[in-house]
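We did not get these values from a lab; they are worked out from the coordinates using the rules stated. Remember, predicted model here, so these are calculated numbers, not experimental data. Cβ placement follows ideal geometry from the backbone for every residue including glycine, while neighbour counts extend to all protein chains displayed.
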Amino acid sequence: MSENKGVNRIFLLTVILYVGVSYALSFLSAFVPAFRNMSNYVSILISQMLVFVPGFWYLRKVSHSAPEAVQGGGILQLIPYRKINIGTIALVVVCTYLMYPLIIVLNAISMIFTTSGTEAVLDMMQGQNFFLSLLFTAVMPACVEEFLFRGLLFQTYKKSRMLPAILLTGFLFGCMHMNLNQFVYAFALGIYLAFLAEATGSIFSSMIAHFTLNATSVVMSFLLPILYDMAGLDPNMQVQAGGYASTMESSELLMFLMGITVWAIVAVGATCGAVGIYIAICKINHRWDYVKGMFSKGTKERIITVPLIIAVIICFVVMGMRIYIERMG
């Protein structure tokens, strides 16, 4: 069995476990008080373990079955956990914030059709402990999700062809969020994170970028109620950012689209700046020549297989169900 087939089966297993356990817990919460009153942090921990365990088990299996391939280094030899310097870390943070306007634009566009993903994240963080929220929604996902997507999947796919590997892992990263709202910007974010990992030769850089974005969301969720209070507004007020195009008034839709246009102009300039910072990151890590030539290498081994197609179908079925339930509700 090829490596691509192996990791595709692991991704399918991850999706099945993730969806199955999520719906099982939702079903049990209707009958068992313990599940109904489960902490958000416990829910996040369970979901992250469902993402982490299959991939970790696969890598353990590979490192034991073919020790000569990793020269006794185990999982650390299969996933590029190379140390990066302070200068690189600072540039990664700056580059990530320059990508932020693009993420805002993509998120806003998706919110014309659905807001379930954004609302779910905001609701989850309301009234929670700041440091625990930072740990469970910023640190943990940055480590676990990068291990799977920029680690196991991307490091395997890129042995075949680099560009399809970057695009596919970004696409799968979006799919794994299981809602259209987050799928759109997570797709773009996944592509950026893969390029970042190649710029440094280490997924520590993509982990830092992932953490930066999630931590910013956590900080904003705690600052907004304070800002509302200082402005004399109701801290519990729900900000209706976006919505369905079909239910918006003409004036509301026009203002919303104008806002997206302004942010799009900002995003173009900021993204150009991010490209400049990205090149600097490559050069600091002596990988600019490698990055310029990384698309010219590869094999003809097929990356997309039946298990991967099934996994993607499951993800889109779940997305469709959530949109339908949201529209009916």
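Quick notes on this one:
- Legend: ranking of residues His177, His64 from fewest to most surrounding C-beta atoms inside 10 Å; resulting order His64, His177.
- For the peptides 47-56, 208-217, the ranking by packing is 208-217, 47-56, with the highest mean count of neighbouring Cβ atoms within 10 Å listed first.
- Distance between modelled label sites at Met321 and Glu249, nm, 7 Å Cα→Cβ extension: 3.7 nm
- Fewest-first sequence of Arg302, Arg150, Arg287 by Cβ atoms within 10 Å of each Cβ: Arg302, Arg287, Arg150
- Pairs of Cα atoms nearer than 8 Å and 6+ residues apart set the relative contact order; for segment 80-328 it is 37 percent.
- Sorted by Cβ neighbour density within 10 Å, fewest at the top, the residues Leu172, Leu167, Leu102: Leu167, Leu102, Leu172
- Taking 7 Å steps out from each Cα toward its Cβ at Phe27 and Val219 produces label points 4.3 nm apart.
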